[in-house]
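> Starting off with a structure, shown below.
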Amino acid sequence: MTTPFTLPSKLPAIGTTIFTVMSKLATDLGAINLSQGFPDFDCDPALIDAVARHMREGRNQYAPMQGVPALRQAISAKYESFHGRRYDPDTEVTVTSGGTEAIFDAVTAVLRTGEEAIVLEPCYDSYLPAIELCGGVPVVIPLQLPDYSVDWDAVRQAITPRTRVIIINTPQNPTGSILSADDVQELSAIVSGTNIVIVSDEVYEHLIFDGAQHESMARYPELAARSFIIGSFGKTYHVTGWKVGYAVAPAALTAEFRKVHQFVTFSTITPVQLAIADLLATQSGLRELGPFFQAKRDLFLRLMDGSRFRALPCSGSYFQLMDYSNISREEDVDFAVWLTKEHGVASIPTSPFLSRSKAPRVVRFCFAKRDETLEKAAERLQRV
């Protein structure tokens, strides 16, 4: 008898992502899906028309590895307009197949075996696997409840001669917290005089609420000089299934980034890049995204008022954390499954975003939905 082939896992602690699990459960049960972060409304029809036009006009072959020139130029112009920093489209802007690829490419480009990468948890679930696949060592620092603020003293104490990367995320997934100008000054002081690289996940950059400013690393020359800044057109244009992201960084960092990118995806779908470039070149709608999603947040909070859920602060992104301590003592995964099965609303527990900390009794709801979807979901949640 042939002995079954076995393969030791490089990621033994990793299973199927919670986003896949909860979305499948919602689909199987016909539940309202407020779990995975995607809109249930469509993008601008002009964007669809532009993709079709570029396809019909024969632009269907490989794009340049670094991205089509028109899109890189539009990204550069956006950063100059919004943050006062110009990135060279030829040497400092790279289009990727989604923000997750860009994060992986950036970490892989700079992190060597045995070097350390600081992450703030709860955090997007791709960060730790990217670090571990490089042979790097994650150094995990919990954000502080109830507002998920950064303990900068803890970050400072975690710095060692082996620290190579700090990963930040603002607005933050899953918490909806944002970095303030004071936070940025703390970060700047910590990395000053070091060779630490910042990977700044800013995919929700335009989804900022209550008059706050997005504190992009691009706004601060001393931080921009050592930062990969990650963006996502899926989030900006309501097209998460298209998987188009990008990274901007100084030329020396970009050169290393592209060495990895060219062997991960090489290039990203050509007609979609060109269509996004058409829209981004106008910068139309970008400043309206914050008010649009703030209205969604506010509607969801009004609809949930009087329920047994307690809303935590949300200053950006399209996620709202809700504390369910008044409802159940169950662990968050069990509660999220129960909520989906018994009340027909799918959420995301926060424990998959945690590796060192015990999960609080909190679940994440995505409010990037049509008003009627939020109304139906809240009606069910009010009965919990």
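The values are calculated or read from the model by the stated rules, or taken from the named source; none is laboratory data. Every value quoted in this text rests on a predicted model; they were computed, and no experiment measured them. As a convention, Cβ positions derive from the backbone with ideal geometry for all residues, glycine included, and neighbour counts pool all protein chains shown. Protein only, heavy atoms only, side chains kept; ligands, DNA and RNA dropped before computing areas. Shrake-Rupley method; radii C 1.70, N 1.55, O 1.52, S 1.80 Å.
> Residues in the stretch 31-47: is at least one farther than 23 Å from W242 by Cβ and open to solvent by less than 70 Å² (accessible area, probe 1.4 Å)?
Yes, there is a match, as at least one residue in the stretch 31-47 is farther than 23 Å from W242 by Cβ and open to solvent by less than 70 Å² (accessible area, probe 1.4 Å).
> Residues that are at pLDDT below 95, more than 18 Å from the chain's Cα centre (by Cα) and open to solvent by 20 Å² or more (accessible area, probe 1.4 Å): does the stretch 146-160 have at least one?
yes
> Would you pick out the residues in the stretch 175-225 that are surrounded by fewer than 19 Cβ atoms within 10 Å (Cβ to Cβ), charged (D, E, K, R) and closer than 27 Å to V95 by Cβ?
Listed by number, the residues that qualify are R219, E222.
> Write out, first by first residue and then by second, each pair whose Cβ atoms fall under 6 Å of each other, whose residues are 6+ apart or on separate chains, and whose first residue, in the stretch 264-288, is among the hydroxyl-bearing types (S, T, Y) while the second is open to solvent by less than 70 Å² (accessible area, probe 1.4 Å) and not in a helix (DSSP H, G or I).
Pairs found: T265/S97; S267/A63; S267/M65; T268/V95; T268/S97; T268/V244; T270/A63.
> Now for a separate question. Report whether or not R164 is in a strand (DSSP E or B), more than 17 Å from the chain's Cα centre (by Cα) and either over 20 Å from C314 (Cα atoms) or acidic (D, E) (or both).
Spelling it out, R164 is indeed in a strand (DSSP E or B), more than 17 Å from the chain's Cα centre (by Cα) and either over 20 Å from C314 (Cα atoms) or acidic (D, E) (or both).
> For residues in the stretch 315-372 being touching a strand residue (DSSP E or B) at 6+ places or on another chain (Cβ under 7 Å) and among the basic types (K, R), which is nearest to D305 (Cα to Cα)?
Among those that are touching a strand residue (DSSP E or B) at 6+ places or on another chain (Cβ under 7 Å) and among the basic types (K, R), it is R364.
> Another question, then. Based on what the data block shows, is F257 under 19 Å from A378 (Cα atoms), open to solvent by less than 30 Å² (accessible area, probe 1.4 Å) and part of a helix (DSSP H, G or I)?
Considered against the rule, which asks whether it is under 19 Å from A378 (Cα atoms), open to solvent by less than 30 Å² (accessible area, probe 1.4 Å) and part of a helix (DSSP H, G or I), F257 comes out as no.
> Given (1) open to solvent by less than 20 Å² (accessible area, probe 1.4 Å); (2) among the aliphatic types (A, V, I, L, M); (3) out of contact with any Asp or Glu (no Cβ under 7 Å at 6 or more places or on another chain), where does A50 come up short, assuming only one miss?
That leaves (3) as the condition not met.
> Yes or no: G241 under 16 Å from the mean Cα position of the chain (by Cα) and surrounded by fewer than 18 Cβ atoms within 10 Å (Cβ to Cβ)?
Yes: the conditions hold for G241.
> When you scan the stretch 280-384 for helices (runs of 4 or more DSSP H) that lie fully inside it, which ones turn up with 3 or more residues that are open to solvent by 10 Å² or more (accessible area, probe 1.4 Å) and of a type in the set (K, R)?
Helices (runs of 4 or more DSSP H) meeting the threshold: 289-304.
> Which of (1) in contact with a Lys or Arg (Cβ under 9 Å, 6 or more places away or on another chain); (2) under 27 Å from D323 (Cα atoms); (3) assigned to a loop (DSSP other than H, G, I, E, B) is the odd one out, the single condition T194 does not satisfy?
Among (1) in contact with a Lys or Arg (Cβ under 9 Å, 6 or more places away or on another chain); (2) under 27 Å from D323 (Cα atoms); (3) assigned to a loop (DSSP other than H, G, I, E, B), the lone unmet condition for T194 is (2).
> Using the structure shown, decide if F38 is within 19 Å of A368 (Cα to Cα), hydrophobic (A, V, I, L, M, F, W, C), modelled with pLDDT under 95 and part of a loop (DSSP other than H, G, I, E, B).
Yes, satisfied.
> Filter the stretch 117-133 for residues that are more than 16 Å from S232 (Cα to Cα), open to solvent by 20 Å² or more (accessible area, probe 1.4 Å) and not in a helix (DSSP H, G or I) and give the result.
Residues satisfying the conditions are L120, D125.
> Okay, next question. Quick check, is R361 free of Cβ contacts under 8 Å to residues at least 40 places away in the same chain and within 18 Å of P174 (Cα to Cα)?
Yes, satisfied.
> Follow-up question, since we're still on this one. If you go through the stretch 18-30, how many residues are open to solvent by less than 30 Å² (accessible area, probe 1.4 Å) and outside any helix (DSSP H, G or I)?
Qualifying residue count for the region: 0.
> Please find, within the stretch 73-112, the residue that is most open to solvent (accessible area, probe 1.4 Å) out of those that are free of Cβ contacts under 8 Å to residues at least 40 places away in the same chain and of a type in the set (D, E, K, R).
By that ranking, first place goes to R86.
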